[in-house]
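The values are calculated or read from the model by the stated rules, or taken from the named source; none is laboratory data. As the structure is a computational prediction, the values presented were derived from the model and not from experiment. Virtual Cβ from ideal backbone geometry, glycine too; neighbours counted across all protein chains shown.
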Amino acid sequence: MQPTLDKLLRSDVLVPAGAMSAFNDVLKHLNSKALRFGLDPIRVLGEVDVPHVYRSEVLDDERMLFRLVPANGGTEPWRTLVLKRITVEYPILKLGDWLVIGLIEQTDGGTLRFAVSDQPADHEALEQYVVPPHGASLPCEHCCTSRPRRQAYLLREATSRRTQLVGSTCLKDFTGVDPAALLFLAEMESVGKFCDAECDRMTTVGKSFDLPLLTYLAAVCFCVSNGPFVSASAARDTHARATFDAAFSELSRPSRKFLNAVSAWEEEAAAVLRWCESLRGASSYEQNLKVLLSQSTVRKHPRHLALAASAVQGMRRAVQAPSKHVGEVGQELCTTVTLQRIYQQPSRFSARAQEFTLVFSDAMGNQLRWRTTSTPEPRLCQVGAHLNIRCRVSKHEEFGGVARTMVSRLKALAG
C-alpha cells in the first residue's frame, strides 16, 4: 500500500562534495528497501552548495570540540568547506508500528533490563518478560536465527500492544529507517569531533575486557571529589566529559594524587557497594545496580561503566542535602567556589562573538553560573581551581531538579 502524501517527510541533508558517490549508493540501497516494503521511493527535490567553516571549543586539558557551521560573508575562502545541501522527500521505512521499550542484556551476574519508555505498562512488560536461563543466548523472535546473542531489544506494537524480542540486526526493520539520517552520513551541522587521547582506550587497553569493580568505583569517587558528576546523557547534551570516561582514563594512567590516597577512595567505594546492597530493587534501575555491582568486576563497556559510576552519585545524593539557591536576586556576594566546568559556544546575540559559561560550586555543593562574552582571565579557566570571587546574583533558576544561581559582574579576588 502506498503512503499518502501526509506521510512523506521532507528534510535537508548536508553532503561533502567528495561523498556524493557514497550518497548515491545509500540512496539506491534505501530505495530498494522502500520497494520491498511497498513504500514510495526517496526523491531528491534539489541541491545547492553551502560554504561551512569549523569552529573550535576547548572543553578541558585533553579535549577540543570542533563544530561545523555555515560560513558568514567575512570568512576567508581558503578556510571554507563547501557542502551540498540536498532536499529529499521520503517515507520512514518500517514494518508496522513498533516502538522500542527496552533492552535486555545477559551478564555473568544476571540479567540487566534497561527501559527506554516512560510508560508504566512498558516498564512492567520489560520486567516481566521471561528470558532464557542464565548463560543461554537471547533469541530473536523475528528472524529466529540461532546465534550467540547477549543482548536484544523488546518492542511493543502500538495497536495490539503485543511485545516481541528482536536482535540488533532486525531492529531497524521494526523501528524504521530514517533515510534523512542515513543520507546525511553525519549530522554535519552539529557534529562534534573530540580530540581525546583516551577515545579508543575503552576497547584497546589491555587484554582483559573487565576492570576490578572496587578499584573502578574508587576512581569514580576520586573524580567526583575533584569535579562535578557528569552522567553519560549530560555529557552528550553539554559536550562535557562523562565521569565514567574520566574514571576509566584515571585507571589507565593513574595520577600521583589518586595513588597517594587510593585506600581512602576504596573505602568510599566499599561504602557505595554496601549502600547498593541495601537497595530494595524497587525499580529496574535499582535492580540493574544490584545485578551489576554484585560482581567483582565490571565490563569495559560504556553502558556498564556509566551505570556503575551512577551508584557513586546515587549514594552521595542519598546522604547530602539538595542544592539550594544562593543569596537574593540583586545581592552582591563574596564567596569561595570551585570551578567545575567551562564551555564556549556562539553568542546568542552575535554570530561572530563567542559566549563563555563557567559553572562553579560552593562549599555546600550549591551551583553558581556565570555567562560572559569576554574571554575569562587565565585563573578563571582552570577546572578544579578553588577561587575567592565577588559577584552579583542576577537570577535563580532550576534545571533537572538542581538549583542554579546565575551571577553577573564576577571578579576573582586575591588569596
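General observations
- Condition broken by residue 324, with the remaining ones in (1) over 24 Å from residue 231 (Cβ atoms); (2) in a loop (DSSP other than H, G, I, E, B); (3) among the basic types (Lys, Arg) satisfied: (1)
- Count of region 262-292 residues, restricted to those that are assigned to a loop (DSSP other than H, G, I, E, B), of a type in the set (Gly, Ala, Ser) and loosely packed, with under 13 Cβ neighbours inside 10 Å, is 2.
- Filtering region 1-15 to residues that are among the β-branched types (Val, Ile, Thr) and either at pLDDT 80 or above or within 19 Å of residue 84 (Cβ to Cβ) (or both) leaves 13, 15.
- For residue 383, the conditions (1) in a loop (DSSP other than H, G, I, E, B); (2) among the hydrophobic types (A, V, I, L, M, F, W, C); (3) at pLDDT 80 or above; (4) surrounded by 13 or more Cβ atoms within 10 Å (Cβ to Cβ) all hold with the exception of (3).
- Consider region 132-170 and keep the residues that are closer than 12 Å to residue 103 by Cα and surrounded by fewer than 17 Cβ atoms within 10 Å (Cβ to Cβ). The one that is modelled with the highest pLDDT is 164.
- Test: residue 341 is at pLDDT below 80, in a strand (DSSP E or B), out of contact with any Phe, Trp or Tyr (no Cβ under 7 Å at 6 or more places or on another chain) and of a type in the set (D, E, K, R): yes
- Filter result (within 17 Å of residue 399 (Cβ to Cβ) and not hydrophobic (A, V, I, L, M, F, W, C)) within region 349-388: 357, 361, 365, 366, 367, 369, 371
- Each residue in region 111-120 was checked for being in contact (Cβ under 8 Å) with a residue 12 or more places away in the chain and outside any loop (DSSP other than H, G, I, E, B), and 5 pass.
- Going through (1) in contact (Cβ under 8 Å) with a residue 24 or more places away in the chain; (2) among the basic types (Lys, Arg); (3) not in a helix (DSSP H, G or I) one by one, residue 316 falls short only on (3).
- Filter result for the condition that a residue is of a type outside the set (Phe, Trp, Tyr), surrounded by fewer than 15 Cβ atoms within 10 Å (Cβ to Cβ) and modelled with pLDDT of 85 or more, over 296, 208, 249: 296
- Listed by first and then second residue, the pairs linking a residue in region 321-348 that is touching a residue at least 24 places away in the same chain (Cβ under 8 Å) and of a type in the set (Asp, Glu) to a residue that is in a strand (DSSP E or B) and crowded, with 17+ Cβ neighbours inside 10 Å, with Cβ atoms under 7 Å apart and 6 or more places separating them unless they lie on different chains, are 328/393.
- For region 16-59, the set of residues classified as closer than 30 Å to residue 355 by Cβ, surrounded by 14 or more Cβ atoms within 10 Å (Cβ to Cβ) and at pLDDT 80 or above consists of 50, 51, listed by residue number.
- Conditions (1) surrounded by 18 or more Cβ atoms within 10 Å (Cβ to Cβ); (2) of a type in the set (Gly, Ala, Ser); (3) modelled with pLDDT of 90 or more; number of the one not met by residue 330: (1)
- Odd one out for residue 237, checked against (1) surrounded by 14 or more Cβ atoms within 10 Å (Cβ to Cβ); (2) at pLDDT below 85: (1)
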